[in-house]
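Here the structure is laid out as structure tokens; the discussion comes afterwards.
The values are calculated or read from the model by the stated rules, or taken from the named source; none is laboratory data. Just so it is clear, the structure is predicted and the values come from calculations on it, not from any experiment. No Cβ is skipped: glycine too gets one built from the backbone with ideal geometry, and neighbour counts run over all protein chains shown.
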Amino acid sequence: MHLGFGFMIISIVFFLGLLSGVINSRSVTETRKIHNAPYGLIPIGQKPLATLVGFLGGPIAISAIVIWGFISLKWYFVIISWIICGAICRLFVEKKFNFPLNYLILFYSDLFTILCAITLWILYFVI
């Protein structure tokens, strides 16, 4: 992919989608640890749409974003971005906000992660 304004926008979408996914994953992991729940925790009373969005916005969207990154960007950019996202989550988000995040915020953040993954793959096949 050539350098330019479009590349910068796509890189920002990649980074923000990855950051959103990392924060979601960390929040769900912390919630699971607090409640001593097994992996695949589905809160009681959670609606099917929220469960589906949580599944798609979690492992599937993060994997799609990372795979897109390895195909479209340099491999080291993906690794460095993942480390930076983890550091932002650990040092800023967990300290400054009420962490773990509530389910409504996670729902919208999962939607954002899904939209970032879809956007990146559509642009990959169109451009």
Scanning for something surrounded by 15 or more Cβ atoms within 10 Å (Cβ to Cβ), closer than 21 Å to F7 by Cα and either in contact with an Asp or Glu (Cβ under 7 Å, 6 or more places away or on another chain) or aliphatic (A, V, I, L, M) (or both), does the range 91-112 turn up at least one residue?
no
Any residue that is aliphatic (A, V, I, L, M), at pLDDT below 80 and surrounded by 14 or more Cβ atoms within 10 Å (Cβ to Cβ) - is there at least one of those in the range 81-90?
no
From the list V66, V13, V53, which residue is β-branched (V, I, T), in a helix (DSSP H, G or I) and at pLDDT below 90?
V53
Does the range 57-76 hold any residues that are surrounded by fewer than 18 Cβ atoms within 10 Å (Cβ to Cβ) and touching a residue at least 60 places away in the same chain (Cβ under 8 Å), and which are they?
L73
